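S.K.: Quick one: the structure is below, questions incoming.
The values are calculated or read from the model by the stated rules, or taken from the named source; none is laboratory data. Just so it is clear, the structure is predicted and the values come from calculations on it, not from any experiment. A quick note on method: Cβ atoms are made from the backbone with ideal geometry, for glycine too, and the neighbour counts reach across all protein chains shown.
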Amino acid sequence: MAIRVLVAEDDHKQAQLIGIYLEREGYAVHVVGDGRSALGYARRARPDLVVLDVMMPVVDGLEVCRVLRAESRVPILLLTARSTEEDMLRGLDLGADDYLTKPYSPKELVARARALLRRSTALPAAEPVVLRIGDVEVDTARFEVRVSGTPITVTAKEFGILEVLAAEPGRVFTRAQIIDQAFGFDHDVLERTVDAHVMNLRRKLEADPNRPRYLETVYGRGYRLAEPPA
């Protein structure tokens with residue numbers, strides 16, 4: 001059965017171009033032009049990947065992303081004309097797994113889509129375990145992160161980063177190592193995307209994201225997850 005991709009894009013020419021490139025990869029592509037139609041199709045057909053434009057009529061892409069993430073773990077690739085850090089973080093915070101800023105190369109979009117699909121469908125399930133660092137728990141069986149016993153919402157990529165760091169607390173991981181270990185063969189992830197995920201995780205994990213106690217930056221090297229001193 002062909003992999004099913006939902007493309008939600010109100011620009012007809014852009015949607016057509018995306019569809020052509022994805023169909024060349026052998027994917028079955030369904031295109032809609034507004035957010036309400038995207039939600040309806042996703043609920044009926046349960047696609048394997050959603051490519052979602054942020055600026056859409058009726059219901060915007062960010063709201064569609066929020067609703068879909070509450071209902072499923074389908075990989076979501078956001079397309080956005082907004083390039084500010086705040087806008088990108090908002091999309092990730094709502095559950096997007098990756099994003100592309102317009103204008104973008106259709107070949108890059110296909111590479112990102114392929115990587116997200118590979119990550120979501122091809123990796124074997126890990127042995128369930130709960131990793132604990134201070135008050136932070138990373139539960140691989142439930143795909144859940146808890147802080148002081150309270151579950152917090154994380155995206156698939158945020159969970160992957162935490163899982164890698166929590167497995168070896170105190171160890172410094174470079175961005176390249178995080179990409180390799182958290183995302184498998186997803187080499188299409190950019191290092192700046194890792195930075196965006198880390199910033200978003202700090203907003204969720206830390207009492208004061210500007211003074212992180214758990215998710216630390218080691219300047220010139222990368223990141224580590226460290227248990228704060230008593």
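S.K.: Within the stretch 16-59, how many residues are over 21 Å from residue 109 (Cα atoms) and without any contact (Cβ under 8 Å) to a residue 12 or more places away in the chain?
M.R.: The total comes to 2.
S.K.: In addition: Restrict the check to the stretch 83-101 and report whether at least one residue is surrounded by fewer than 16 Cβ atoms within 10 Å (Cβ to Cβ), touching a Gly at 6+ places or on another chain (Cβ under 9 Å) and outside any helix (DSSP H, G or I).
M.R.: No: zero hits.
S.K.: Tell me which residues, restricted to the stretch 175-198, are farther than 21 Å from residue 94 by Cα and at pLDDT below 70.
M.R.: 184, 185, 186, 187, 188
S.K.: Note down all Cβ pairs under 8 Å where the first residue falls in the stretch 130-154 and is closer than 23 Å to residue 229 by Cα, the second is of a type in the set (Ser, Thr, Tyr) and surrounded by 13 or more Cβ atoms within 10 Å (Cβ to Cβ), and they're at least six residues apart or on different chains.
M.R.: The qualifying pairs are 130/140; 131/140; 133/214; 134/214; 136/214.
S.K.: From the list 221, 203, 213, 146, which residue is under 20 Å from residue 89 (Cα atoms), of a type outside the set (S, T, N, Q) and either in contact with an Asp or Glu (Cβ under 9 Å, 6 or more places away or on another chain) or not assigned by TED's automatic domain parsing to the domain that holds residue 117 (or both)?
M.R.: Answer to the selection: 203.
S.K.: Sort out which residues of the stretch 123-163 are among the β-branched types (Val, Ile, Thr), at pLDDT below 90 and surrounded by 19 or more Cβ atoms within 10 Å (Cβ to Cβ), and write them in order of number.
M.R.: Of everything in the stretch 123-163, those that are among the β-branched types (Val, Ile, Thr), at pLDDT below 90 and surrounded by 19 or more Cβ atoms within 10 Å (Cβ to Cβ) turn out to be 154, 155.
S.K.: When the residues of the stretch 190-230 are narrowed to those that are in a strand (DSSP E or B) and of a type in the set (Val, Ile, Thr), which ends up nearest to residue 98 (Cα to Cα)?
M.R.: 217
S.K.: Of the residues 95, 35, only one is closer than 27 Å to residue 159 by Cα and modelled with pLDDT under 90; which?
M.R.: After ruling out the rest, the residue left standing is 95.
Residue-by-condition table, conditions (1) assigned to a helix (DSSP H, G or I); (2) modelled with pLDDT of 90 or more; (3) surrounded by fewer than 19 Cβ atoms within 10 Å (Cβ to Cβ); (4) of a type in the set (Ser, Thr, Tyr):
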position	(1), (2), (3), (4)
1	no, no, yes, no
6	no, yes, no, no
10	no, yes, yes, no
14	yes, yes, yes, no
17	yes, yes, yes, no
21	yes, yes, yes, yes
30	no, yes, yes, no
40	yes, yes, yes, no
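S.K.: Which of the residues that make up the stretch 69-78 are at pLDDT below 90 and crowded, with 17+ Cβ neighbours inside 10 Å?
M.R.: Correct list: 69 only.
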